Ligand code: NDP
């Protein structure tokens with residue numbers, strides 16, 4: 001078996017030497033266990049947080065432990081009554097080629113899923129996150145303006161497309177001309193602005209002439225600074241992620257803008273709400289899947305995967321994800 005463990009904790013941006021590839025003999029399943037072969041590993045921004053020591057909503061990965069992660073896996077051997085060899089399951093096997101499981105937390109994949117990796121993307125955790133944060137917290141009304149950053153990515157692409165289906169005017173924010181073009185031409189957003197452009201603030205203002213009613217927060221930092229003054233009275237801000245801060249060692253330098261933020265929330269009656277998808281909405285996964293699967297099948301919701309080949313390339317891909325080098329949902333193909 002091959003696995004990638006956390007070798008050391010990053011200071012700032014992770015580097016390749018924070019990870020170590022290890023080889024061990026293939027484990028044999030005991031009574032009630034299955035042996036799983038990993039086909040696809042999902043790479044997601046939250047993994048950066050797990051590399052830190054310290055309190056969070058989930059415990060950190062220990063030094064020398066296998067990096068955590070969602071996987072699409074195939075049952076190779078089974079001593080479990082509910083699983084047979086050949087079954088495809090959604091698992092949390094982590095960064096390894098094989099894993100043992102006692103069946104807890106394994107979900108059999110819908111056989112109708114012709115492309116199993118989608119269970120890690122548009123039909124899995126990121127799509128679910130987009131759907132719930134947008135509809136349950138953002139609650140966009142027809143004609144309102146919805147803005148989302150990391151717009152070409154796993155979560156942002158679904159946020160914008162679902163907001164369009166609900167009749168909103170949708171403006172994306174993305175890094176670089178290729179992503180901006182894709183978000184408008186392929187995903188059908190009404191506009192998209194480049195956060196790396198020197199004219200970003202002015203471009204965002206031009207793209208949101210009626211202000212912003214829903215800002216789906218994925219990044220924080222200077223993107224949020226540009227959004228804040230454009231929020232309308234009664235705006236909703238689902239706080240999903242802050243990826244521009246995940247590598248930060250400390251708070252950014254001043255001036256202290258707390259009063260600007262709180263004053264804006266206060267005077268404009270703005271509601272900001274954070275959420276952790278499985279914790280807050282785990283019980284509503286089926287509702288999401290039943291809505292999303294037909295949209296994906298009919299092409300009303302499009303997706304883009306950034307497929308990385310081989311477990312050994314996972315560290316570089318996670319490092320890249322935190323710098324915006326990915327283009328679409330990052331999945332590592334580990335076996336066929
Ligand atoms: P993406 O596929 O969108 O990939 C990350 C993207 O973030 C990059 O491609 C890049 O896009 C953007 N980015 C990276 N660094 C910066 C930066 N410094 N400034 C601005 N943009 C940056 O990732 P996901 O869709 O998987 O995740 C999106 C967000 O959703 C993350 O914040 C993640 O933590 C959060 N999330 C939260 C969950 C929850 O339960 N609350 C669950 C799942 C995800 P670009 O080049 O366009 O800027």
query = Quick one: how many residues across the range 208-251 are more than 12 Å from the ligand (Cβ to nearest atom) and more than 21 Å from residue 268 (Cα to Cα)?
reply = 3
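Among the residues of the range 150-167, write down those that are more than 8 Å from the ligand (Cβ to nearest atom) and either buried (at least 24 other Cβ atoms within 10 Å of the Cβ) or not in a loop (DSSP other than H, G, I, E, B) (or both).
Restricting attention to the range 150-167, the residues satisfying the condition of being more than 8 Å from the ligand (Cβ to nearest atom) are 158-167.
Correct list: 158, 159, 160, 161, 162, 163, 164, 165.
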remark   = Among helices (runs of 4 or more DSSP H) completely within the range 231-336, the ones holding 1 or more residues that are closer than 30 Å to residue 8 by Cα and in contact (Cβ under 8 Å) with a residue 24 or more places away in the chain are 277-281, 314-321
query = Within the range 168-176, is even one residue within 12 Å of the ligand (Cβ to nearest atom) and either surrounded by fewer than 18 Cβ atoms within 10 Å (Cβ to Cβ) or on the phi > 0 side of the Ramachandran plot (or both)?
reply = yes
request  = Answer with yes or no whether residue 147 is in a strand (DSSP E or B), more than 14 Å from the ligand (Cβ to nearest atom) and farther than 25 Å from residue 42 by Cα.
outcome  = no
message = Just the residues that are more than 30 Å from residue 248 (Cα to Cα), in a loop (DSSP other than H, G, I, E, B) and within 15 Å of the ligand (Cβ to nearest atom), please, taken from the range 177-207.
response = 186, 187, 189
request  = Filter the range 208-230 down to residues that are within 17 Å of residue 170 (Cβ to Cβ) and assigned to a loop (DSSP other than H, G, I, E, B), then give me how many there are.
outcome  = 6
task = Within the range 19-50, track down each residue that is within 16 Å of the ligand (Cβ to nearest atom) and either surrounded by 20 or more Cβ atoms within 10 Å (Cβ to Cβ) or closer than 20 Å to residue 309 by Cα (or both).
result = 40, 41, 42, 43, 44, 45, 47
message = I need the full set of residues from the range 98-125 which are closer than 15 Å to residue 35 by Cα, under 23 Å from the mean Cα position of the chain (by Cα) and surrounded by fewer than 20 Cβ atoms within 10 Å (Cβ to Cβ), in order please.
response = 105, 107, 108
message = Quick check on my filter: what residues within the range 92-140 are within 16 Å of residue 68 (Cβ to Cβ) and without any contact (Cβ under 8 Å) to a residue 12 or more places away in the chain?
response = 104
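Can you tell me which residue among 333, 271, 230, 257 is under 22 Å from residue 68 (Cβ atoms) and either touching a strand residue (DSSP E or B) at 6+ places or on another chain (Cβ under 8 Å) or in the same structural domain as residue 154 (by TED's automatic domain parsing) (or both)?
333
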task = Count, please, the residues in the range 1-44 that happen to be touching a residue at least 24 places away in the same chain (Cβ under 8 Å) and part of a helix (DSSP H, G or I).
result = 2
key: All positions within the range 279-302 that are within 11 Å of the ligand (Cβ to nearest atom) and in contact with a helix residue (DSSP H, G or I) (Cβ under 8 Å, 6 or more places away or on another chain)   = 280, 281
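From the list 261, 204, 251, which one is in contact with a helix residue (DSSP H, G or I) (Cβ under 8 Å, 6 or more places away or on another chain) and within 30 Å of residue 54 (Cα to Cα)?
261
The values are calculated or read from the model by the stated rules, or taken from the named source; none is laboratory data. From a predicted model like this one, the values you see are computed outputs, not experimental measurements. Don't worry about glycine lacking a Cβ; one is built from the backbone with ideal geometry, like all the others, and counts go over all protein chains shown.
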